Amino acid sequence: MRATFHGELTELITDLARMTRLAGQILTNAAIALHQTDLALADVVIADCDQMTASLDDLEQRCVILLTRQAAGAEGQRVVIAVVRAVDHVQRMAHLARHIAIVPQLKSPNPMNSSPARPVLARMSLLASQLAADAAAAIERRDPLSGDLLAEADNEVDTLRRHLFTVLFAKDWSHGVEPAVDAALIGRYYERFADHAVAIARRMCSVAFDPIPEPDGHGTRSRRCSDLAR
């Protein structure tokens, strides 16, 4: 029974990594839809977000079922709970990507057309998507240093958002108030997306483990990232 539990837990972590990586891919498509006013792609992003919501709900339900297993143990329960909380972060990432994809559908003309904020937001989208991919890789590798490394990369996203405000409040800004507000919101979406990616890596690293043999050769025990770092 314990081996079955560890197998199912490994599947949960694998699926979490896959969904985190998928969130980054969806954000990339949302950014393309925004900057190219690709309404068909925006529809695809929204549909993908809906599908992801259903998949994440299923993943969360599997976590609840796994928590009821007697073989879970304290350490196993902590890992499952960490997955549940990480699922919430991925869900929020999907919602943020959806918000970005909706912008070109609601705004005419597209606030990104000929906007000096465009290159700043494009760079933010690239970094945020990469952070999602890096968080997924960190989950798969059980990397004990991943949270700090991603946080360092996230600093560039924060710097770009501050720079975005200098663009929006510059004296030569001639695009009006509404496009400025739209650009500020989009920048906020990218920043929050990146923050969630970092949070996932940090949360999973704090409890992630691999099933390894006990010293007597029987059963398994948990190995935390803190143990791996020693």
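Leaving ligands, DNA and RNA out of it, rank 152, 140 by accessible area with a 1.4 Å probe, largest first. Write down the numbers at each step before the final one.
Values: 152 120, 140 100 Å².
In descending accessible area the options line up as 152, 140.
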Could you give me the ³J(HN,Hα) list for the stretch 136-143, computed from phi with Karplus coefficients 6.51, -1.76, 1.60 and θ = phi - 60°, whole Hz, x at Gly and Pro? 4, 5, 5, 4, 5, 8, 6, 6
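Can you give the FRET efficiency for residue 18 and residue 149, using 1/(1 + (r/R0)^6), R0 = 30 Å, r = Cβ-Cβ distance, to the nearest 0.05?
Details: r = 21 Å, r/R0 = 0.69.
So, using R0 = 30 Å, E works out to roughly 0.90.
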Separation between the residue 137 and residue 3 pseudo-spin-labels, each 7 Å from Cα along Cα→Cβ, expressed in nm? 3.4
The farthest towards the positive end of the charge dipole of the stretch 51-176, of the residues 127, 114, 93, given +1 on Cβ of Lys and Arg and -1 on Cβ of Asp and Glu, is 114
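Is the shape of the stretch 116-162 rounded, prolate or oblate, going by the alpha carbon gyration tensor and its root eigenvalues a ≥ b ≥ c, with a/c under 1.5 for rounded and a/b larger than b/c for prolate? Walk me through the numbers before you get to the answer.
Details: a/c = 6.14, a/b = 2.16, b/c = 2.84.
The shape class here is oblate.
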Taking loop as defined by DSSP and a crowding limit of 14 other beta carbons within 10 Å, which trypsin sites (Lys or Arg not before Pro) in the stretch 139-205 fit? 171
Of 59, 185, 27, the one that fluctuates the most in a GNM where the chain has Cα springs shorter than 10 Å: 185
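Tally up the carbon and sulfur contribution to the accessible surface of the chain as a whole percent, 1.4 Å probe, everything protein left in place.
Working: 6010 of 11150 Å².
Roughly 54 percent, rounded to a whole number.
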What FRET efficiency, computed as 1/(1 + (r/R0)^6) with R0 = 30 Å and r the Cβ-Cβ distance, is obtained for residue 169 and residue 38, rounded to the nearest 0.05? 0.55
Ranked by GNM mean-square fluctuation in the chain (Cα springs under 10 Å), the top entry among 76, 187, 176 is 176
Among 80, 45, 167, the residue with the largest mean-square fluctuation in a Gaussian network model of the chain built from Cα contacts under 10 Å is 167
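Could you do me a favour and compute the accessible area per residue for the chain, 1.4 Å probe, result in Å²?
Details: 11150 Å² over 230 residues.
Roughly 48 Å² per residue, with all protein chains present.
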Accessible area of residue 50 in the full protein assembly, 1.4 Å probe (Å², nearest 10): 80
For the chain, the dipole about the Cα centre with charges only on Cβ (Lys and Arg +1, Asp and Glu -1), to the nearest 20 debye, works out at 340
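The values are calculated or read from the model by the stated rules, or taken from the named source; none is laboratory data. Quantities reported herein were computed from a predicted structural model and do not represent experimental measurements. Every residue, glycine among them, receives a Cβ derived from its backbone with ideal geometry; neighbour counts consider all protein chains shown. Note: areas computed on protein heavy atoms with side chains; ligands, DNA, RNA excluded. Shrake-Rupley method; radii C 1.70, N 1.55, O 1.52, S 1.80 Å.
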